[in-house]
1. Can you pull out every residue in the stretch 30-57 that is among the charged types (D, E, K, R) and more than 16 Å from the chain's Cα centre (by Cα)?
2. Can you name the strands (runs of 3 or more DSSP E) wholly within the stretch 82-190 that have at least 1 residues being at pLDDT below 75?
3. Pairs under 6 Å by beta carbon, first residue closer than 22 Å to residue 105 by Cα in the stretch 44-69, partner among the basic types (Lys, Arg), six or more apart or different chains?
4. Can you tell me which residue within the stretch 13-26, out of those that are at pLDDT below 90 and either hydrophobic (A, V, I, L, M, F, W, C) or surrounded by fewer than 12 Cβ atoms within 10 Å (Cβ to Cβ) (or both), is farthest from residue 176 (Cα to Cα)?
5. Does the stretch 77-118 hold any residues that are among the aliphatic types (A, V, I, L, M) and under 17 Å from the mean Cα position of the chain (by Cα), and which are they?
6. May I ask you to list the residues in the stretch 34-64 that are hydrophobic (A, V, I, L, M, F, W, C) and assigned to a loop (DSSP other than H, G, I, E, B)?
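The values are calculated or read from the model by the stated rules, or taken from the named source; none is laboratory data. The structure presented is a predicted model; accordingly, all values stated were derived computationally and were not measured. Note that we place each Cβ from the backbone using ideal geometry, even for glycine, and neighbour counts take in every protein chain shown.
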Amino acid sequence: MYDPRRHSSVDTSSPVVGTLLVAHPSMKDPNFHRTVVFLAAHDQVNGSLGLVMNRPMDQTLSESDPGYASSALADLPLYHGGPVAAEKLILAAWRWLEDTGTFQLYFGIDGERAASLGQDPSFQVAGFMGHAGWTEGQLDLELEQNAWLLSRSLPELMCCGREEVWRNLLLHEQPEMLLLLDVPEDPSLN
């Protein structure tokens, strides 16, 4: 179980599983521009894996795949999880345990487990189409280049949708980034 209190000072040179990768405002890669990625796995040899948390597809699982129409997962919200294997569904469930300040995640679970966890109102359950992935050393290099900020998972900042989540986390970690948030994509519009 991830405990955000243990990571009050996140070391940007060494990513920790369970933290959020917050895209730097200057990141231009359309796959990750203004995204928040939950880091689900990180290994110096095998690379890293994460899920984009703030790109809802604005559809449910049954809208995407009518085969789920009579399933307990029919109304499950879908997110663009990342550019890798974008056609593959990954089910995840998570919750915050307020009393201990910990984050509990079930990642890559089967439909039966997702439906079961979905019955518990303390869990959020969602489907992610694809995931984010980095080869050996790639994420570490991107962190050295300041493409990402590492953030503790903070539930009160994850309550909004899409870009608000990114803005909230970015400003929480580095308030001085405020000036970069509203820079237009096209400088000629400035």
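1. The one that is among the charged types (D, E, K, R) and more than 16 Å from the chain's Cα centre (by Cα): 43.
2. In the stretch 82-190, the matching strands (runs of 3 or more DSSP E) lie at 102-107.
3. 54/162
4. 17
5. From the stretch 77-118, those among the aliphatic types (A, V, I, L, M) are 78, 84-86, 89-93, 97, 105, 109, 114-115, 117; that's our starting set.
Once the filter is applied, which keeps residues that are among the aliphatic types (A, V, I, L, M) and under 17 Å from the mean Cα position of the chain (by Cα), the stretch 77-118 yields 78, 84, 85, 86, 89, 90, 91, 92, 93, 105, 109.
6. Keep residues of the stretch 34-64 that are hydrophobic (A, V, I, L, M, F, W, C), which gives 36-41, 45, 49, 51-53, 57, 61.
Selection gives 45, 53.
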